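The values are calculated or read from the model by the stated rules, or taken from the named source; none is laboratory data. These figures come from a predicted structure and were not determined experimentally. Glycine also receives a Cβ, built like all others from the backbone with ideal geometry; neighbour counts cover every protein chain displayed.
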Amino acid sequence: MHKLLKQEYGELHWWPAETVDQVILGAILTQNTSWNNVRLAMNNLSKAKLDSIDAIASLPVEEIKKYIKPAGFFNQKSVYLKEICTQIRKEGGISRLEKMSDKDIEAFLIKIKGVGKETMQDIMLYAFKRNVFVVDKYTERLFSRIGIIKPGMKEAHRLGKEIENSMSLEDLNNFHGEIVEISKSICKARPECGVCFLRNNCSYEKDFTEP
DNA sequence: CACCAGGAATGTA
DNA sequence: TACATTCATGGT
């Protein structure tokens, strides 16, 4: 699958962000939220020069809310953003975390309130360049709808670990981007549906015998 | 106007 | 451990 998708999309240089700090902030903001809304929120932060770990760590929660409103869930996400930025700074910043082992960074991230499995994987791969295969909802739909796993995030994570152990960092980076990109495009096999077969509201959701 | 988006915390059994 | 509920804006 990755080979075919690579031919289609080439080098994606994925995670749409300019800086490492933006990757981390975006990973929180995109939780169950369309990327367009995340972009609106990120633009608000960027224009105010608040799109950094240090800036958010020293900004009151009520202030953060004003900027990230378009991304939704702002009451929780404002707290989550402040929390992860504060923790990273307490640990010595990005430069200190970069030197740690994969397992140590994972342990550090997962105990932060607001950082679950998917968000942790986004940060591991795209901020710290570690060999991680990101499993999100698109990934679970792809795997289950072409019939290589039974539906469910747990199953997707199990297969994800196998993939992770057999692919290079560069390919893992591209592969996740490819899965998101194809999920946002219109299904070529059945264009009359109007959406990609990886979308939740695809009208052929119950019929994927011919991927 | 109903539904959904690149999740995670919390509560219940 | 395994589900259900809650959170909220903007696009289709």
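Listing for the model above:
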| read-out | value |
| --- | --- |
| Subset of segment A:66-92 (residues that are within 21 Å of the chain's Cα centre (by Cα), more than 15 Å from DNA strand B (Cβ to nearest atom) and not hydrophobic (A, V, I, L, M, F, W, C)) | A:Y67 |
| Flag if A:L25 is closer than 23 Å to A:I163 by Cα and touching a helix residue (DSSP H, G or I) at 6+ places or on another chain (Cβ under 8 Å) | no |
| Considering residues of segment A:123-174 that are in contact (Cβ under 8 Å) with a residue 24 or more places away in the chain, buried (at least 19 other Cβ atoms within 10 Å of the Cβ) and among the small types (G, A, S) only, the residue nearest to DNA strand C (Cβ to nearest atom) | A:G160 |
| Matching entry among A:L25, A:L4, A:L81 (being part of a helix (DSSP H, G or I), outside the structural domain of A:G160 (by TED's automatic domain parsing), surrounded by fewer than 16 Cβ atoms within 10 Å (Cβ to Cβ) and among the hydrophobic types (A, V, I, L, M, F, W, C)) | A:L4 |
| So A:E8, is it over 20 Å from the mean Cα position of the chain (by Cα), touching a residue at least 24 places away in the same chain (Cβ under 8 Å) and more than 16 Å from DNA strand C (Cβ to nearest atom) | yes |
| Condition broken by A:G93, with the remaining ones in (1) of a type outside the set (K, R); (2) crowded, with 18+ Cβ neighbours inside 10 Å; (3) more than 16 Å from DNA strand C (Cβ to nearest atom) satisfied | (2) |
| Subset tally (residues that are among the polar types (S, T, N, Q) and assigned to a loop (DSSP other than H, G, I, E, B)) for segment A:99-132 | 2 |
